Amino acid sequence: MRRQRPTLIAVSTLIAVTLTTAPTPVNAQPAALPDQVTALTAHQADGYTTLAWQPVDGATDYQIERTPVDADNTPTGAPTIVGIWRPNRQINQQAPTFADAGYHPGDTFQWRVRARIGTTEQPYSDPVTATTTAPWGNPDTPGQQLRTQWETTHAAQYTSDTDEYAYTAAIDALSDRVRVVELGRTVQNRPINMLVIGHPTPPATPAAVAATAPVAINCNVHGNEPGDREACLIMARQLAFSTDPRITDLLRHTTVLIVPTINGDGRANNTRGNSTGQDLNRDYSLIRQPETTAYIRMVRDYRPVAGYDGHEFGNSRAGDLPMLPPRHQNVAQPIFDQSQDMIEGHMYAKGAEAGWWACPYGCEGGGNVGLSEETILRNTLGLKNVTNSLLELRSSGGQTRPDEGNTANNRRRKTYSALWTFHQFLDYHRANLDDILKARAEAIEFQAANTGRLVFRGSRPIPAHPAPHPGDSPPPLDAPPTDLILDNAPCAYKLTDAQYHGARTDGPGGVGTTVAQRIAAHGWKVIKTGDGYYVPLNQPERGLIPLLLDPSGVEKLTNGERVYPTLTGRRNGPLVVTGFTCAADATVNGPVTVRAGAALVTTATTISGPLTATGAAGLLLADSTINGPVRITATTDAISIIDVTIAGPTDLSANTTGTDTPLLAGTTIRGPLSCTGNNPTPTNLGIANTVHGPRTTQCAAL
């Protein structure tokens, strides 16, 4: 349904008067000429004007004309065609809208629109005149008065790194809602800062932030694509100081994480890659560079449930806002579906209302883009169970924005379209948080169950939506070849000490972090037994682990040894676990004891009897049932209990797993739950457990 918009002044309205008929009422409109656009309105927003009009039957397209005027509506410049509306611009073609952007916000303009039928131009609409919305923030109010270098130069200059640091530090100093934290340093030692924004104040620790189901925006990974970064800096000011109830409501219900510039070296040098030449958006899984390592550690610690990743797209034929979900086929279906809903169900519809042309990345001759490399952030985040999308800002206006040969106009259109997108992202999260969390929980439980094939490279299809568009040419399929599909997934990967701790040469200057350090940055659980290091697949990022550790990985860290289940089928009587034992689709009719230094990994397994582990190296239990009490104490390496049903009391005590946080998530316990003396304290990843009994001490909130 078309949104109601306020109608502004039609400055050339004529009032017909004749001596031979009764006077025409003063509020009457003149009769429209044949094929003339009617009912033109202009609605002002941050950095753009939404123009809407009644469609003309048979129109091929529409031309949007803008003329600068003074306070008396006298033109101060030449009328210019600034936009072309085409039928493939939006999903609701019966209610055409165009987001006119590129002008200096705060100036006054007159707009007219005319249809073309074929190449024949039809009469212009009556004009509307309005003053556009000035840059956000009262110049007389502390905090609100802050402006970026890009704003103060009227888009003639992008904000430098030093000006960014001063600007974000000022926001931090003036707003209780904001805390700026340093995630790491670039190769050339520039800080990688993140704004943590909440109301009335942001939570104090990463774990406390994670409990708010935060959202994350990565604004500038390619240094020569700065439009999203400028939008992020403006939005940070709005979130920090706005009194708009919408903003304060958003911030009371989540925490917003904004990383303005992960690639500070590339931005300073206006290069796509970082100072080593590495395209950082091909490194989020391998994390060879300090910049990507910092971001992945942030994802591990702050656990955003939704994200956006900002880019610019060098295609003048594409839409204003090409978007794309995580496409890798190892991404759990609920995350893919939720990401598609955010794009197709929300962004396309809201874009049609506001006048932005949102479409799949690759629409209008995009070529071989938007594929399945797990190294790309949208795919990495999807494999980490984060609902997310890539955002591409069309680098140049092209045929649909013919006035953007003007550099400042082009820059403003890109930045304000990104600002619109990021605000819509926050609105989507606010309205759909329950669905986002449900999709995340289902994805984590699916991954931990270690079921289904593994694909080492291959994308989910993205059809045009709705047909025949908004995309004339959706991104290519990128179907997985048979040699990159593993139907029989292993239980774990085994690494030798040399593989795990050995020196690497794939980092800056030929010095790389170890496999152990990178696995820790990802947050994967590792169990050390006497003969090696085991990385089980029954954990939340199961879809990503093989891509880095399997011999068939396209861009792997190392060639891990595939370890298959050692216990399947039925076993009657007690089971004593020594070494590394993996049970899959197994039934154990008797008690299970895990000895000191041993490890037990289970999926789709039923244990009919008590489970006791004292001094074990690790226990990773998923998609399993234990018909008896569970006692796990003094574990040294890793504990994970996901989607398990336990028919009895459960006790986790005195487990000291170093930096590895024990997981207890999505589990049903028919009895009391006690957690004491564990270091670190167990977490539920935001997925509640069902406990039929008292929960005490460290697990009281789980």
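The values are calculated or read from the model by the stated rules, or taken from the named source; none is laboratory data. These numbers were taken from a predicted model, which means no experiment stands behind them. Note that we place each Cβ from the backbone using ideal geometry, even for glycine, and neighbour counts take in every protein chain shown. Surface areas here come from the heavy atoms of the whole protein model, side chains and all, with no ligands, DNA or RNA. Shrake-Rupley method; radii C 1.70, N 1.55, O 1.52, S 1.80 Å.
Leaving out ligands, DNA and RNA, and with a 1.4 Å probe, what % of the accessible surface on the chain is carbon or sulfur? Working shown, then result.
Values: 12850 of 25000 Å².
C and S atoms contribute 51 percent here.
When the charge dipole of the chain is built from unit charges on Cβ atoms (+1 for Lys and Arg, -1 for Asp and Glu) and taken about the Cα centre, the candidate among PHE425, THR276, ILE296 whose Cα reaches farthest toward its positive end is ILE296.
Other residues with beta-carbon under 12 Å from the beta-carbon of ARG237 carry, at +1 per Lys or Arg and -1 per Asp or Glu, a net charge of -2. From the square roots a ≥ b ≥ c of the eigenvalues of the alpha-carbon gyration tensor of the range 610-702, which class results: rounded (a/c under 1.5), prolate (a/b over b/c), or oblate? Rounded is the answer for the range 610-702, as its axis ratio a/c remains below 1.5.
Can you give the convex hull volume of the alpha carbon atoms of the range 146-213 per residue, in Å³? Each step should come with its number before you reach the end.
Details: hull volume 7.7 nm³, N = 68.
Spread over its residues, the Cα hull of the range 146-213 gives 113 Å³ apiece.
Averaging 1/r over each pair of different alpha-carbon atoms in the range 215-284 and inverting the result gives 13.1 Å, the Kirkwood hydrodynamic radius.
Distances longer than 18 Å among the Cα atoms of the range 438-549: what percent of all pairs is that? Please report the intermediate quantities before stating the final value.
Numbers: 3955 of 6216 pairs.
Value for the range 438-549 (Cα pairs over 18 Å): 64 percent.
Ranked by the mean number of other Cβ atoms within 10 Å per residue, highest first, peptides 394-402, 53-61 order as 394-402, 53-61.
Can you classify the range 483-626 as rounded, prolate or oblate using the Cα gyration tensor, where a ≥ b ≥ c are the square roots of its eigenvalues, rounded means a/c under 1.5, and otherwise it's prolate if a/b beats b/c and oblate if not?
Values: a/c = 2.75, a/b = 1.83, b/c = 1.50.
In terms of gyration-tensor shape, prolate.
Residue by residue, the range 65-75 carries 3J(HN,Hα) couplings of 10, 10, 10, x, 9, 9, 5, 9, 6, 8, x Hz when phi is fed to the Karplus relation 6.51 cos²θ - 1.76 cosθ + 1.60 (θ = phi - 60°); x denotes Gly or Pro. The lysine pair tally for the chain, using Cα distances under 25 Å and a gap of 8 or more places or different chains, is 13.
Taking the mean number of other Cβ atoms within 10 Å as a proxy for protection, how do you rank 258-266, 99-107 from highest to lowest? Walk me through the numbers on the way to the answer.
Details: 258-266: 27.6, 99-107: 20.4.
The densest-packed peptide leads the list: 258-266, 99-107.
Treating only the Cα positions of the range 106-225 as identical point scatterers, give the base-10 log of I(q)/I(0) from the Debye formula at each q in 0.11, 0.15, 0.18 Å⁻¹. Taking Cα atoms of the range 106-225 as identical point scatterers yields -0.61, -0.88, -1.10.
Quarter the surface of the alpha carbon convex hull of the range 599-648 and you get the mean projected area, 2.8 square nanometres. Dimensions of the range 318-465 from C-alpha coordinates, computed as largest minus smallest value along each principal axis and given longest first, are 54, 33, 23 Å. Considering only beta bridges that DSSP places wholly inside the chain, some 45 percent are antiparallel.
With contacts taken as Cα pairs under 8 Å at a separation of at least 6 residues, the chain carries a relative contact order of 9 percent.
Averaged per residue, the range 223-381 has 22 square angstrom of accessible surface, using a 1.4 angstrom probe with ligands and nucleic acids left out. What separates the Cα centres of the range 65-139 and the range 210-267 is a distance of 29 Å.
Each listed q (0.06, 0.08, 0.09 Å⁻¹) maps to a log10 I(q)/I(0) for the chain, found by the Debye formula over equal Cα scatterers with no solvent: -0.40, -0.66, -0.81.
For the range 124-174, what class follows from the C-alpha gyration tensor (a ≥ b ≥ c being the square roots of its eigenvalues): rounded when a/c is under 1.5, otherwise prolate if a/b is larger than b/c, else oblate? Could the numbers behind the result be given before it?
Numbers: a/c = 4.68, a/b = 1.94, b/c = 2.42.
Verdict is oblate for the range 124-174.
Helix-only estimate, please: 222 nm mean residue ellipticity of the chain, summing -39500 (n - 2.57) across DSSP H runs of length 4 or more and dividing by its residues, to the nearest 500. Before the final figure, lay out each step's value.
Numbers: 14 runs with 148 residues, N = 702.
Only helices count here, giving -6500 deg cm²/dmol.
Under a model in which nothing but the beta-carbon of Lys, Arg (+1) and Asp, Glu (-1) is charged, the chain shows a dipole of about 1320 debye around its Cα centre. The protection proxy used here, the mean number of other Cβ atoms lying within 10 Å of each residue, ranks peptides 38-50, 138-150 as follows, highest first: 38-50, 138-150. Counting only Cβ charges, +1 for Lys and Arg and -1 for Asp and Glu, the dipole size of the range 131-268 around its Cα centre is about 240 debye. From the Kirkwood radius over Cα pairs of the range 324-363, Stokes-Einstein at 37 °C and 0.692 mPa s returns a whole-number translational diffusion coefficient of 304 µm²/s. So what's the net charge close to ILE545: Lys and Arg +1, Asp and Glu -1, counting the other residues with Cβ under 13 Å from its Cβ? With Lys, Arg at +1 and Asp, Glu at -1, the neighbours total +4. The modelled label-to-label distance between SER552 and ASN189, using points 7 Å beyond Cα along the C-beta direction, is 4.7 nm.
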